[in-house]
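Note sheet for the following structure.
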């Protein structure tokens, strides 16, 4: 009797392809295959948890960073800086840093997918559950049931591995945005020190605006450029 299909099962074609490769007539060998498949699946789920934990921490970092930038922007608006180009440069650097943080939060949300408006990753519900336990009783003799179980574990692992690849791509982009924020914030800090120790320092228009606009454009597209470059065949 064929097992019923449940919503948490991987695609039937994936199970069938894995089942077709399980040709050993030995239950002992198949049990060894089950242990290996279960270990592989657990490793992929651990990788999922690790990537999502890092993404969540980076999202918290982005939230704190945006709060700090908002406070600094308020201080600048109340500070007496007579050099307008200098003030504009500081504001541009804060805008660039904010752009990196907003995109960092966005990329993290693509991994963690929190909130009612975000559809979960497919492997969040395509995974073993109690239905697999009950379905095993309907899979015929022991060897057939064991092979079906191993085939499902292989399919679960492949499914999770594929989505982990997508998670890791998003996490790489998180790191790009984090580095971009740190660099732009360091430049802001450096420029602030220049004003602190040399209040008469000035910038010539319109160069600072052009440079700021170019850096802001880079901030908007840095992770997409990185992702395309990484996906380009070597």
**Study point:** Residues that are surrounded by 11 or more Cβ atoms within 10 Å (Cβ to Cβ) and either under 15 Å from residue 145 (Cβ atoms) or in contact with a strand residue (DSSP E or B) (Cβ under 6 Å, 6 or more places away or on another chain) (or both), drawn from the range 10-28
**Key:** 15, 18, 19, 22, 24, 27
Exercise for review: Filter the range 137-155 down to residues that are part of a helix (DSSP H, G or I), under 17 Å from residue 31 (Cβ atoms) and free of Cβ contacts under 8 Å to residues at least 60 places away in the same chain, then give me how many there are.
Suggested key: 2
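Here is a yes/no grid of residues against (1) surrounded by fewer than 17 Cβ atoms within 10 Å (Cβ to Cβ); (2) within 19 Å of residue 45 (Cβ to Cβ); (3) modelled with pLDDT of 80 or more:
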| residue | (1), (2), (3) |
| --- | --- |
| 105 | no, no, yes |
| 132 | no, yes, no |
| 147 | no, no, yes |
| 166 | yes, yes, yes |
| 170 | no, yes, yes |
Check your understanding: Which of the residues spanning the range 55-65 are surrounded by fewer than 16 Cβ atoms within 10 Å (Cβ to Cβ) and in contact (Cβ under 8 Å) with a residue 24 or more places away in the chain?
Key -> 56, 63
Check your understanding: free of Cβ contacts under 8 Å to residues at least 24 places away in the same chain and part of a helix (DSSP H, G or I), is that true of residue 76?
Key -> yes
Review point. Is it fair to say residue 207 is more than 30 Å from residue 9 (Cα to Cα) and either buried (at least 17 other Cβ atoms within 10 Å of the Cβ) or at pLDDT below 90 (or both)?
Key: yes
Point to revise | Failed criterion for residue 82 (all others in (1) outside any helix (DSSP H, G or I); (2) modelled with pLDDT of 85 or more; (3) exposed (fewer than 13 other Cβ atoms within 10 Å of the Cβ) hold) | key: (2)
Review point. Where residues in the range 210-233 are modelled with pLDDT under 85 and assigned to a helix (DSSP H, G or I), which of them is nearest to residue 72 (Cα to Cα)?
Key: 212
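Looking at the structure I just gave you, is residue 33 within 18 Å of residue 170 (Cβ to Cβ) and either out of contact with any strand residue (DSSP E or B) (no Cβ under 6 Å at 6 or more places or on another chain) or surrounded by 13 or more Cβ atoms within 10 Å (Cβ to Cβ) (or both)?
no
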Practice item. Consider only pairs whose beta carbons are under 7 Å apart and that are at least six residues apart or on different chains; among these, list those whose first residue lies in the range 207-234 and is more than 19 Å from residue 107 (Cβ to Cβ) and whose second residue is modelled with pLDDT of 85 or more. Key: 212/92; 215/96
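The values are calculated or read from the model by the stated rules, or taken from the named source; none is laboratory data. Here the structure is a predicted model, which is why all the values come from computation and not from measurement. Every residue, glycine among them, receives a Cβ derived from its backbone with ideal geometry; neighbour counts consider all protein chains shown.
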